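*Asks:* Just dropping this structure here.
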C-alpha cells in the first residue's frame, strides 16, 4: 500500500487560477494608473465599479444556485477590470454594471463557470454594449480635466483610406495616449509594460499577441498598398494592442494546442483588419475574437497531433461537430 507521504499527485505547481489572475491584475496596474491620471476620478469609479459589480454578480449567482463560491480565484475581478478599462470615461456608470452582469451571469456562469465558457465574457459584453448603447459610449474626449471632445485615431484611417491623413494624431500622441478613446487602450507603453510582465511570469505566450498584431499589420499593409506607416498606425490605434495582450491570451475561450493558439491569434488579427477596412467597423477586434472563440475547438481538432500507432487524431474533427 502506498503511504500517504508519497500519495499522488506527484507533480505539484503553484500555477493556479488565482495566481494567474493576480498576475493579470498586476499587469493591468500601469494601464489602470494611466487611465486615472489621464481621466481622473471618473475612470477610477468605472474601474472600481466594474470589479465590485462583477464580484457581486458572481457571488450572488453562486449563492442563489447553491454552488461553490469561487470569487477568491479573482477571475470575476479580472473580467470587471477589463470591462471598466474598455469604455470611454464618458460612459454612464450603469453601462458598466450592465456589462458586468451580462459577462458574469450569462457568458461565464450559465455555461458552468470558469473554464467552461466558450466566449470571452469581457469581449462579448463589450461588443454587446457597443451594439446597444453606441450613442452613450462613443463620446470620446481627450485626456485632461476639460473633457474636450475628440475623434479616435481609427476615424482618420477608416472609410477606405490607404494612407494616414495630415490631420490625424501623430505616432507620438497615439503611443503616449494623447488621444480620444477608451480609458485603458490609449497609453501603449503601459500596455507593453503589462505584456512584458506577463511574458516574464510565463502567464502568456509571447507569440500570441505578436501573431495577433502581426496579422493586423499584414492585412492593413495589403489594404494600404504596402504603406508600412499606415499598417503600423492601425496596430497602434483602437483596442488592438490592449485586446491582443489581455484578451486574446485568455485560456478558456482560445484553443489548447500551442500551434492552434498561434493560428487562432493570427486569424484574429487578419479578421480585425478585414472588418476595419472592408466593413468600416472600428471595433473589429471584438467581433474577430468572438468569431474565433467559436472556431477554437475546430482549430484544436485540426492541430492536435495523431495518436502514435493510430491513423486518427487525439481529438477527431467529427467529435467537434457532435458537441
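*Asks:* Looking at the range 131-154, which of its residues are surrounded by fewer than 17 Cβ atoms within 10 Å (Cβ to Cβ) and not in a loop (DSSP other than H, G, I, E, B)?
*Replies:* 131, 132, 134, 135, 136, 149
*Asks:* Also: Exactly one condition in (1) assigned to a helix (DSSP H, G or I); (2) closer than 23 Å to residue 42 by Cα is false for residue 108; which is it?
*Replies:* Among (1) assigned to a helix (DSSP H, G or I); (2) closer than 23 Å to residue 42 by Cα, residue 108 violates only (2).
*Asks:* Now for a different question. For residues in the range 99-115 being under 21 Å from residue 245 (Cα atoms) and modelled with pLDDT under 95, which is surrounded by the fewest Cβ atoms within 10 Å (Cβ to Cβ)?
*Replies:* Among those residues, the one meeting the criterion is 115.
*Asks:* At pLDDT below 95 and either assigned to a loop (DSSP other than H, G, I, E, B) or surrounded by 15 or more Cβ atoms within 10 Å (Cβ to Cβ) (or both): does that describe residue 13? Steps first, please.
*Replies:* Numbers: at pLDDT below 95: yes; either assigned to a loop (DSSP other than H, G, I, E, B) or surrounded by 15 or more Cβ atoms within 10 Å (Cβ to Cβ) (or both): yes.
Yes.
*Asks:* Residues in the range 237-251: is at least one more than 20 Å from residue 194 (Cβ to Cβ) and buried (at least 24 other Cβ atoms within 10 Å of the Cβ)?
*Replies:* Our first condition is that a residue be more than 20 Å from residue 194 (Cβ to Cβ); within the range 237-251, this holds for none.
No, the range 237-251 has no match at all.
*Asks:* Next question. Can you tell me which of (1) in a helix (DSSP H, G or I); (2) touching a residue at least 40 places away in the same chain (Cβ under 8 Å); (3) in contact with a helix residue (DSSP H, G or I) (Cβ under 8 Å, 6 or more places away or on another chain) is the one residue 185 doesn't meet?
*Replies:* Just one mismatch for residue 185, condition (1).
*Asks:* From 19, 72, grab the single residue that is more than 19 Å from residue 180 (Cα to Cα), part of a helix (DSSP H, G or I) and either over 21 Å from the mean Cα position of the chain (by Cα) or in contact (Cβ under 8 Å) with a residue 24 or more places away in the chain (or both). Quick ask: steps written out before the conclusion?
*Replies:* Working: 19 fails: either over 21 Å from the mean Cα position of the chain (by Cα) or in contact (Cβ under 8 Å) with a residue 24 or more places away in the chain (or both).
Just a single option satisfies the conditions, and that option is 72.
*Asks:* Taking only the range 269-287 into account, find how many residues are more than 21 Å from residue 111 (Cβ to Cβ) and buried (at least 24 other Cβ atoms within 10 Å of the Cβ).
*Replies:* In the first step, residues of the range 269-287 are kept if they are more than 21 Å from residue 111 (Cβ to Cβ); the result is 269-285.
Next, only the ones that are buried (at least 24 other Cβ atoms within 10 Å of the Cβ) stay: 269, 272-273, 276, 284-285.
Here the count works out to 6.
*Asks:* Something else now. Take the residues in the range 275-320 that are at pLDDT 65 or above and in contact with a strand residue (DSSP E or B) (Cβ under 6 Å, 6 or more places away or on another chain); name whichever of them is nearest to residue 262 (Cα to Cα).
*Replies:* Per the criteria, the residue is 304.
The values are calculated or read from the model by the stated rules, or taken from the named source; none is laboratory data. What you see is a predicted model; the values in this text were computed from it and never measured. Using ideal geometry, Cβ is built from the backbone for each residue, glycine included, and neighbour counts are taken over all protein chains shown.
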